[in-house]
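See structure below.
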Amino acid sequence: MKTINMILRVVLCLIMTMPVLGALGVFPPPTPDLYNTPEAFAFINMLMTNASYINYIMAVVFAFAVFLVITNRMALVALLILPVVVNIVAFHMFIDGGLFTAGAIMGNVFFALNLYFLWQNRTQYKILWDK
């Protein structure tokens, strides 16, 4: 079980590294053929041009989350990235044509990993629900 947990942490870190590299300009800009609907490309293009600060904030959050994974703070990581992961899944579900498209695969894996680590650390969240 420890080996599987370590592999899942590495996969999570690799996925979280991608927005950081994107904010640094390592990846080419998105093109319309990467998305299933014109609305999805328009949304991403707007995020890349008019609201580019969101990409930098997301990159900082994910870089910090990778640091937290390395320092073994998985309960905090799972809570920290949850809003972003939910928005990624919602983007694919409502704007990009569904959860079973080629572009949604990584988002689905990201969501599944986040759910796994949320469930794994559920006892540490008990204090959040107590009065």
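The values are calculated or read from the model by the stated rules, or taken from the named source; none is laboratory data. This is a predicted model, so every value here is computed, not measured. Backbone-built Cβ (ideal geometry, glycine too); neighbour counts: all protein chains shown. Heads up: the accessible areas ignore ligands, DNA and RNA and are worked out on the full protein's heavy atoms, side chains in. Shrake-Rupley method; radii C 1.70, N 1.55, O 1.52, S 1.80 Å.
Filter segment 112-129 down to the residues that are within 20 Å of the chain's Cα centre (by Cα), of a type in the set (F, W, Y) and within 15 Å of R73 (Cβ to Cβ) and list them by number.
Hit for segment 112-129 is F117, nothing else.
Is segment 24-45 home to any residue that is within 28 Å of R122 (Cβ to Cβ) and free of Cβ contacts under 8 Å to residues at least 40 places away in the same chain?
no
Out of the residues in segment 8-40 that are hydroxyl-bearing (S, T, Y) and in a loop (DSSP other than H, G, I, E, B), state the one that is least open to solvent (accessible area, probe 1.4 Å).
T37
Mind telling me which of the residues V89, V69 ends up being open to solvent by less than 90 Å² (accessible area, probe 1.4 Å), without any contact (Cβ under 8 Å) to a residue 40 or more places away in the chain and either more than 17 Å from L12 (Cα to Cα) or part of a helix (DSSP H, G or I) (or both)?
Within the list V89, V69, the selection yields V89.
Could you please let me know if N55 is in contact with a Leu (Cβ under 8 Å, 6 or more places away or on another chain), polar (S, T, N, Q) and at pLDDT 95 or above?
Considered against the rule, which asks whether it is in contact with a Leu (Cβ under 8 Å, 6 or more places away or on another chain), polar (S, T, N, Q) and at pLDDT 95 or above, N55 comes out as no.
Of these, L12, L8, L21, which one is touching a Phe, Trp or Tyr at 6+ places or on another chain (Cβ under 9 Å) and free of Cβ contacts under 8 Å to residues at least 12 places away in the same chain?
That would be L21, the only listed residue that is touching a Phe, Trp or Tyr at 6+ places or on another chain (Cβ under 9 Å) and free of Cβ contacts under 8 Å to residues at least 12 places away in the same chain.
Can you tell which of G107, G103, G98 is surrounded by 17 or more Cβ atoms within 10 Å (Cβ to Cβ) and either touching a helix residue (DSSP H, G or I) at 6+ places or on another chain (Cβ under 8 Å) or of a type in the set (A, V, I, L, M, F, W, C) (or both)?
Just one listed residue meets the conditions, G107.
For residues in segment 110-131 being of a type in the set (S, T, Y) and touching a residue at least 24 places away in the same chain (Cβ under 8 Å), which is most open to solvent (accessible area, probe 1.4 Å)?
Among those that are of a type in the set (S, T, Y) and touching a residue at least 24 places away in the same chain (Cβ under 8 Å), it is Y116.
Restricting attention to segment 54-64, does a residue exist that is touching a residue at least 40 places away in the same chain (Cβ under 8 Å), open to solvent by less than 30 Å² (accessible area, probe 1.4 Å), aromatic (F, W, Y) and outside any loop (DSSP other than H, G, I, E, B)?
yes
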